[in-house]
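This report concerns only the one structure given below.
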Amino acid sequence: MKRVLVVSVEPPWPAQHGGRIRTARVAEALSAHAEVLVTFPDHGTRQPDPPVATRPLPWAPPPAVRTRASGRPHLGGHYVAPVAEPLGALCAEFRPDAVYWSHSYLAAWAPPAARRAPQVVEFANIESRRLRTLVTSAHGWQRVARRAEAAKAAFWEPRVAARAALCVALSEPDLDVLRGWSRDVVLTPNGVDLLPYTPSPPDGYVLALASYDYEPNVLALRALVRETWPLVHAERPEARLVIAGRRSEALRAEFAGAPGVAVLGTLDDIAPAYAGAALTVAPATSGGGSQLKLTESMSRGRSVVMTPFAARGLPAALHGADTYWVADGSRAFAEAILDGLRDPADRHRREQAAWRRCAALGWSETVAGLVGRISALAGQGAAS
């Protein structure tokens, strides 16, 4: 049987947020066609009975100077450098016919033993672009460090793509970039776990659900609370903004005095948060990649107010549909939120239209082409 080693930045299960969900669904789909082993640096919460075999690798953060002084990405070195030896030993033991890297910056630090099999590299972001968007929000040494990482990415990123047997793009803009670097690229947008449609409550709140250990999400939320939300609250004093998601509890004190704003914190189950929401928001203007929370929200029957930056990562099935709002700037974003709150009937129409379009984005359909390509590569590796 063909063997595929999936290298992740963290345990994919429990699949509670964007990065984990995607890696989990890809690994689960692959496991129907090959023997799959998922490995990762041993940190974070791990599910005791994952649906696919896993192998955590002993890990401790390395000195930052070691990874920042390298020509390779600091982030990849942070996770892979301490586990390079056990990862190489695992490859020798498991003898994969293909290795799937969940992030390009991990593949940049692949030990020699892991490079002997065909490499499949997922570009969750175009790192050189993502890092450039983060430079302007930094100051002092941090700005210097980010500028250096962006410059390094311009060197290592196309080389990782060129060495890969297959590159994976999550959005059409990223696909265009990767086609200039790689001989073989497959577009695999984020999928959804489609749930039954339930209309949003007429008096529901605005939900800002994200991972708040990621700086672009925190910066966007601060702008939303300080600049946009006062415009909403001035017209609708009864409106409520609910903030939830990983590490959001760290922001509770900061937003304690904001009228109509509540912070739920990290959630074990996001379903109740969605159930009470009238609509959701995606206010990010920096970072990169395809935001899984957009399709997740729509697949749960909740329409989204998003920035043009966020909208760039939408899958083609949702392009040009009158199912969400795209707004640029605080006032336009506030007006879009107010539009969604004022007219529940129109909001429900948008929700249903988006939910129906999401039916074409089930994970099994979305990753089918990718799974077929990896299975073919692994078959070639097994035969050689």
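The values are calculated or read from the model by the stated rules, or taken from the named source; none is laboratory data. Computed from a prediction, not measured in an experiment: that's the story for all the values here. Here Cβ is always computed from backbone atoms with ideal geometry, including for glycine, and neighbour counts include all displayed protein chains. Quick note on the areas: whole protein, heavy atoms, side chains included, nothing else; ligands and nucleic acids left out. Shrake-Rupley method; radii C 1.70, N 1.55, O 1.52, S 1.80 Å.
From the list Ala334, Ala321, Ala354, which residue is closer than 16 Å to Ala208 by Cβ and either crowded, with 21+ Cβ neighbours inside 10 Å or more than 19 Å from the chain's Cα centre (by Cα) (or both)?
Numbers: Ala321 fails: closer than 16 Å to Ala208 by Cβ; Ala354 fails: closer than 16 Å to Ala208 by Cβ.
Sole residue among the options that is closer than 16 Å to Ala208 by Cβ and either crowded, with 21+ Cβ neighbours inside 10 Å or more than 19 Å from the chain's Cα centre (by Cα) (or both): Ala334.
For every residue, the table says whether it meets (1) farther than 26 Å from Ala271 by Cβ; (2) under 19 Å from the mean Cα position of the chain (by Cα); (3) open to solvent by less than 50 Å² (accessible area, probe 1.4 Å); (4) of a type in the set (A, V, I, L, M, F, W, C).
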position	(1), (2), (3), (4)
Phe309	yes, yes, yes, yes
Gly313	no, yes, yes, no
Ala345	no, no, no, yes
Ala359	no, no, no, yes
Gln380	yes, no, no, no
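Name, by its number, the condition in (1) part of a loop (DSSP other than H, G, I, E, B); (2) at pLDDT 95 or above that does not hold for Ala24.
(1)
Counting just the residues of the range 178-233 that are of a type in the set (Phe, Trp, Tyr) and more than 30 Å from Cys167 (Cα to Cα), which one comes out surrounded by the fewest Cβ atoms within 10 Å (Cβ to Cβ)? Write out each step before concluding.
Filtering the range 178-233 for residues of a type in the set (Phe, Trp, Tyr) gives 181, 197, 205, 212, 214, 229.
If we keep only those that are more than 30 Å from Cys167 (Cα to Cα) too, we end up with 197, 205, 229.
Working: Tyr197: 15, Tyr205: 21, Trp229: 26.
Among residues in the range 178-233 that are of a type in the set (Phe, Trp, Tyr) and more than 30 Å from Cys167 (Cα to Cα), the one surrounded by the fewest Cβ atoms within 10 Å (Cβ to Cβ) is Tyr197.
Take the residues of the range 206-250 that are charged (D, E, K, R) and in contact with a strand residue (DSSP E or B) (Cβ under 6 Å, 6 or more places away or on another chain): which is farthest from Trp325 (Cα to Cα)? Walk me through how you get there before you give the answer.
From the range 206-250, those charged (D, E, K, R) are 213, 215, 222, 226-227, 235-236, 238, 240, 246-247, 249; that's our starting set.
Within this subset, residues satisfying the condition of being in contact with a strand residue (DSSP E or B) (Cβ under 6 Å, 6 or more places away or on another chain) are 240, 249.
Numbers: Arg240: 19, Glu249: 28 Å.
Only one residue fits best here, namely Glu249.
If you scan the range 32-51, which residues turn out to be open to solvent by less than 40 Å² (accessible area, probe 1.4 Å) and closer than 18 Å to Ala368 by Cα? Walk me through how you get there before you give the answer.
To start, the set of residues in the range 32-51 that are open to solvent by less than 40 Å² (accessible area, probe 1.4 Å) comprises 34, 36-41, 50.
Ala34, Val36, listed by residue number.
Within the range 363-383, identify whether any single residue is in a helix (DSSP H, G or I), among the aromatic types (Phe, Trp, Tyr) and within 30 Å of Arg3 (Cβ to Cβ), and answer yes or no.
Narrowing the range 363-383 to residues in a helix (DSSP H, G or I): 363-366, 368-383.
Narrowing further to those that are among the aromatic types (Phe, Trp, Tyr): 363.
Then drop every residue that is not within 30 Å of Arg3 (Cβ to Cβ), which leaves 363.
Yes, the range 363-383 has at least one match.
Conditions first: (1) at pLDDT below 95; (2) part of a helix (DSSP H, G or I). Leu314 passes all but one, so which condition is the exception?
(2)
I'd like to check something: does the range 317-328 contain any residue that is closer than 22 Å to Pro173 by Cβ, among the hydroxyl-bearing types (Ser, Thr, Tyr) and touching a residue at least 24 places away in the same chain (Cβ under 8 Å)?
Yes: one or more hits.
Any residue at all in the range 210-220 that is without any contact (Cβ under 8 Å) to a residue 60 or more places away in the chain and not in a helix (DSSP H, G or I)? Even if it seems obvious, please write down each step before you answer.
Going residue by residue through the range 210-220, those that are without any contact (Cβ under 8 Å) to a residue 60 or more places away in the chain are 212-213, 218.
So of that shortlist, the ones also not in a helix (DSSP H, G or I) come out as 212-213.
Yes.
Mind checking which pairs have a first residue in the range 234-252 that is within 19 Å of Gln16 (Cα to Cα) and a second that is open to solvent by 10 Å² or more (accessible area, probe 1.4 Å) and not in a loop (DSSP other than H, G, I, E, B), Cβ under 6 Å, 6 or more apart or different chains?
Taking only residues 6 or more apart or on different chains, the pairs are Val242/Tyr205; Val242/Ala262; Ile243/Val263; Ala244/Leu209; Ala244/Leu264; Gly245/Leu209; Ser248/Val263.
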